[in-house]
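The values are calculated or read from the model by the stated rules, or taken from the named source; none is laboratory data. Since the model is a prediction, treat every value here as computed from it, not as a measurement. Here the Cβ positions follow ideal geometry from the backbone for every residue, glycine too, while neighbour counts run over all protein chains shown. To get the accessible areas, we keep the full protein, side chains included, count just its heavy atoms, and leave off ligands, DNA and RNA. Shrake-Rupley method; radii C 1.70, N 1.55, O 1.52, S 1.80 Å.
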Amino acid sequence: MNTIKNVRHLLKCKEITCRELTVRFLKAAEELNPELTAYITLTREAALKTADDVDKKIQKGEELQPLEGIPFCLKDNISTKGLRTTCASRMLEDYTPIYDAAVWESLKGQNAVIIGKGNMDEFAMGSTCENSYFGGAKNPRNLGHVAGGSSGGVAAAVAGNLAVYGIGSDTGGSIRMPASFCGLVGLKPTYGAVSRRGLIAYGSSLDQIGPIAACTEDAAAVFDEICAKDPLDMTSEGSEPVSDKLTGSVRGLRIGLAKEFFDGLPESVRRPLDEAVDLYRKLGAELVELEFPLLKYVLPTYYIIACAEASSNLGRYDGLRYGHRASAFDDLNDFICRTRSEGFGQEVRRRILLGAYVLSAGYYDAYYNKAQLLRKSIKNEFSKMFSRCDVLLTPTVPVTALKSGAGMTPVQMYQTDICTCSVNIAGLPAVSLPCGHDGKGLPVGMQLIGDKFSEDVVLNASLAFERETEGSHLKTADMGVLL
Amino acid sequence: MITVDELKKIAALAKLSLDGEDVEALRRDIDNVLEFADTIAQAAVDLPEEAGGEASWRFREDVCRPSYPAEEILKNAGERQDGFFVARQRGGLI
């Protein structure tokens, strides 16, 4: 398994040059992408230029920064100046940003090697990655199954060894679900911990950028490099780096178990989670039984707020300043309507319509306002739970990776987010890590939720599990670049 | 239950054309999601009086700063003329 630590060691010891390393990842991505669709765009030129800069530094004996020279995949809703950024939509098929997102600015500033822009559900709306205009990403652990959504391409790139780590975004589970489906570690940071400047907006009060990595230490190392406060994002708080705080000990840690998260779980998902709970008990953690009665209102609350914000955020796509434009129309209004209907895919159109509906006169109080009140109640309920525990342990997704083309209804699809989206509603940090496999060998993900700005606590609990199980659940597919 | 007429009204508000769309299938889809969303209408819980915002908004001082050059911004526009975006009132583009 490729980790940041291993690759960094190879570069520093001059066992491989950064150009050789980059060429191998680019070549593997070119060969495998027609099957995996992990990347929407490969950024060969930018990657090789950075690699040469890194090699010059190594030749001069200069110290490398933490992510310098490490090949990675960036989700395609994160703006990259001069590099096409599509949001997996026909609407932005030919869009090239004129500025960099804050996260890419930080990574570019330390010569992180961008292999390409990761596939995703269109405008980050989906749970399978199948809503991509460019075709869905496949799961490297089993090609007949989806990679998960919405950051599925990023997870497929890491699990398929076409990148060492990835950067995704998470509005209702979009980092954690693909991490769970592909057997990786995915961190959704606290709302405000990582700047959203340059992230193409879906639900602005829910969106957050974070890492998808092969192990906990890698996720922590990437978080440390992207958690700076940004004066140009008014919701940015920044956060302290966490890597130095990770001890791998959970002795005395209070782990909460709210039974509602486990109701109706299939045995194949329940068993590895029960084993994980036993292991934490053995390691000296204290288990606390909790209740989360509002869980049954979480999904409708989430979808009302997310769709309302999406209908507002996506109002900017009118075909005049950027993006797809209709070629035949009657007048300006017709031009805008046709442009939007042609440019957006079915799920995006559906969510815009739902958002417009819940915000419209006569329905605003019954839906949007009620959802906002429930949001506050849900946050209060989390606060109560965190007065009794340090970490909540839940499944990440109640199922393992779905079969490609499973043909679920929208409501069935939304229900796969049941364990993840409450975290976004409350703005909390959460990590998903692999804790076992189902009968078909597909990874099962465990979610650890913490109180605000306690990324160190959830990652530490994740690291403790990894160490105790000797990383036996961490496994990438037998493809791509195996160093 | 949302009607086809209501759906058309919402689509007009959302600036989406329903031409070529299976309107009845879309109506059914939206209706199913609204039925699911309706569970919160029956939520028998004590709700706070005010929702309160997710974030504490911090506004910057409103200071004029250099912005991006107009030609850079116009690069992504499908049609531009004399340093402006073009919005046509009539007819299709050739």
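Close contacts from segment B:4-16, counting a first residue that is farther than 21 Å from A:R316 by Cα and a second that is open to solvent by 50 Å² or more (accessible area, probe 1.4 Å), with Cβ to Cβ under 8 Å and a gap of 6+ residues or different chains, come to B:V4/B:E24. Determine whether segment A:451-459 contains at least one residue that is away from chain B (no Cβ under 14 Å), more than 23 Å from A:V158 (Cβ to Cβ), touching a residue at least 24 places away in the same chain (Cβ under 8 Å) and in a helix (DSSP H, G or I). Yes, some residue in segment A:451-459 is away from chain B (no Cβ under 14 Å), more than 23 Å from A:V158 (Cβ to Cβ), touching a residue at least 24 places away in the same chain (Cβ under 8 Å) and in a helix (DSSP H, G or I). A:G471 fulfils the conditions (1) open to solvent by 10 Å² or more (accessible area, probe 1.4 Å); (2) of a type outside the set (S, T, N, Q); (3) farther than 22 Å from A:C129 by Cα; (4) part of a helix (DSSP H, G or I) except for a single criterion, (4). If you take the residues in segment A:99-117 that are closer than 21 Å to A:S204 by Cβ and not acidic (D, E), which one is surrounded by the most Cβ atoms within 10 Å (Cβ to Cβ)? Among those that are closer than 21 Å to A:S204 by Cβ and not acidic (D, E), it is A:V103. Within segment B:28-41, is even one residue part of a loop (DSSP other than H, G, I, E, B), polar (S, T, N, Q) and either open to solvent by less than 50 Å² (accessible area, probe 1.4 Å) or at pLDDT below 95 (or both)? So far as segment B:28-41 goes, no, none of its residues is part of a loop (DSSP other than H, G, I, E, B), polar (S, T, N, Q) and either open to solvent by less than 50 Å² (accessible area, probe 1.4 Å) or at pLDDT below 95 (or both).
Does segment A:302-325 contain at least one residue that is over 25 Å from the mean Cα position of the chain (by Cα) and open to solvent by 50 Å² or more (accessible area, probe 1.4 Å)? Within segment A:302-325 (the criterion being over 25 Å from the mean Cα position of the chain (by Cα) and open to solvent by 50 Å² or more (accessible area, probe 1.4 Å)), the answer is yes, since at least one residue qualifies. Restricting attention to segment B:48-78 and to residues that are surrounded by 14 or more Cβ atoms within 10 Å (Cβ to Cβ), of a type in the set (A, V, I, L, M) and in a loop (DSSP other than H, G, I, E, B), the residue that is modelled with the lowest pLDDT turns out to be B:A55.
Whenever a residue of segment A:25-36 is more than 13 Å from A:L482 (Cβ to Cβ), its partners that are at pLDDT 95 or above and assigned to a helix (DSSP H, G or I), lying with C-beta atoms within less than 8 angstrom and at least six residues away or across chains, give the pairs A:L26/A:R44; A:L26/A:A47; A:L26/A:L48; A:A29/A:A157; A:L36/A:A156; A:L36/A:A157.
Scan segment A:156-178 residue by residue and report those that are in a helix (DSSP H, G or I) and of a type in the set (V, I, T). Matches in segment A:156-178: A:V158 only. When restricted to residues that are out of contact with any Ser or Thr (no Cβ under 7 Å at 6 or more places or on another chain) and either at positive phi or not hydrophobic (A, V, I, L, M, F, W, C) (or both), segment A:401-426 contains 10.
Of everything in segment A:54-85 that is touching a helix residue (DSSP H, G or I) at 6+ places or on another chain (Cβ under 9 Å) and of a type in the set (S, T, N, Q), the residue that is surrounded by the most Cβ atoms within 10 Å (Cβ to Cβ) is A:N77.
Applying the criterion of being of a type in the set (A, V, I, L, M, F, W, C) and modelled with pLDDT under 95 to the residues of segment A:409-463, the residue that is nearest to A:C215 (Cα to Cα) is A:M413. If you go through segment A:380-402 and keep only what is facing another protein chain (nearest Cβ under 10 Å) and surrounded by fewer than 19 Cβ atoms within 10 Å (Cβ to Cβ), you end up with just A:N380. Is one or more of the residues making up segment A:282-292 among the charged types (D, E, K, R), away from every other protein chain (no Cβ under 12 Å) and either more than 28 Å from B:I40 (Cβ to Cβ) or buried (at least 23 other Cβ atoms within 10 Å of the Cβ) (or both)? Taking every residue of segment A:282-292 in turn, at least one turns out to be among the charged types (D, E, K, R), away from every other protein chain (no Cβ under 12 Å) and either more than 28 Å from B:I40 (Cβ to Cβ) or buried (at least 23 other Cβ atoms within 10 Å of the Cβ) (or both). Restricting attention to segment A:109-134, the residues that are in contact (Cβ under 8 Å) with a residue 40 or more places away in the chain and in a helix (DSSP H, G or I) add up to 3.
Scanning segment A:352-372 for residues being surrounded by 19 or more Cβ atoms within 10 Å (Cβ to Cβ), closer than 18 Å to B:P48 by Cβ, of a type outside the set (G, A, S) and at the interface with another protein chain (Cβ under 9 Å from one of its Cβ atoms) gives a total of 3.
If the condition is being outside any loop (DSSP other than H, G, I, E, B) and either under 27 Å from A:L83 (Cβ atoms) or within 11 Å of another protein chain (Cβ to nearest Cβ) (or both), then segment B:79-93 contributes B:R80, B:F84, B:F85, B:R90. Among the conditions (1) within 17 Å of A:I78 (Cβ to Cβ); (2) within 12 Å of the chain's Cα centre (by Cα); (3) of a type in the set (V, I, T), A:V185 misses just one, which is (1).
The single condition from (1) within 14 Å of another protein chain (Cβ to nearest Cβ); (2) among the β-branched types (V, I, T); (3) in contact (Cβ under 8 Å) with a residue 40 or more places away in the chain that A:V411 fails is (3).
Conditions tested, residue by residue: (1) within 23 Å of A:D224 (Cβ to Cβ); (2) open to solvent by 20 Å² or more (accessible area, probe 1.4 Å); (3) more than 22 Å from the chain's Cα centre (by Cα).
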{"residue": "A:F25", "(1), (2), (3)": "yes, no, no"}
{"residue": "A:L32", "(1), (2), (3)": "no, yes, no"}
{"residue": "A:E35", "(1), (2), (3)": "no, yes, no"}
{"residue": "A:E45", "(1), (2), (3)": "no, yes, yes"}
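In this structure, A:E237 does satisfy being open to solvent by 70 Å² or more (accessible area, probe 1.4 Å) and either part of a loop (DSSP other than H, G, I, E, B) or within 28 Å of A:E470 (Cα to Cα) (or both).
A:T339 meets the conditions (1) polar (S, T, N, Q); (2) at the interface with another protein chain (Cβ under 7 Å from one of its Cβ atoms); (3) in a helix (DSSP H, G or I) in every case but one. The failed one is (2). Criterion first (at pLDDT 95 or above, within 20 Å of A:L67 (Cβ to Cβ) and within 14 Å of chain B (Cβ to nearest Cβ)) does A:A179 satisfy it? Here the answer is no, as A:A179 does not meet what is asked. The residue pairs whose first member lies in segment B:28-48 and is more than 16 Å from A:D365 (Cα to Cα) and more than 7 Å from every other protein chain (Cβ to nearest Cβ), whose second member is modelled with pLDDT under 90 and in a loop (DSSP other than H, G, I, E, B), and whose beta carbons are closer than 6 Å, counting only pairs six or more residues apart or on different chains, are B:D31/B:M1. Counting the residues of segment B:3-18 that are more than 7 Å from chain A (Cβ to nearest Cβ) and not in a helix (DSSP H, G or I) gives 2.
Could you tell me whether segment A:206-226 includes any residue that is in a loop (DSSP other than H, G, I, E, B), at pLDDT below 95 and within 14 Å of chain B (Cβ to nearest Cβ)? There is no residue in segment A:206-226 that is in a loop (DSSP other than H, G, I, E, B), at pLDDT below 95 and within 14 Å of chain B (Cβ to nearest Cβ).
In the set (1) within 28 Å of the chain's Cα centre (by Cα); (2) at pLDDT below 95; (3) surrounded by 19 or more Cβ atoms within 10 Å (Cβ to Cβ), the condition left unmet by A:F329 is number (1).
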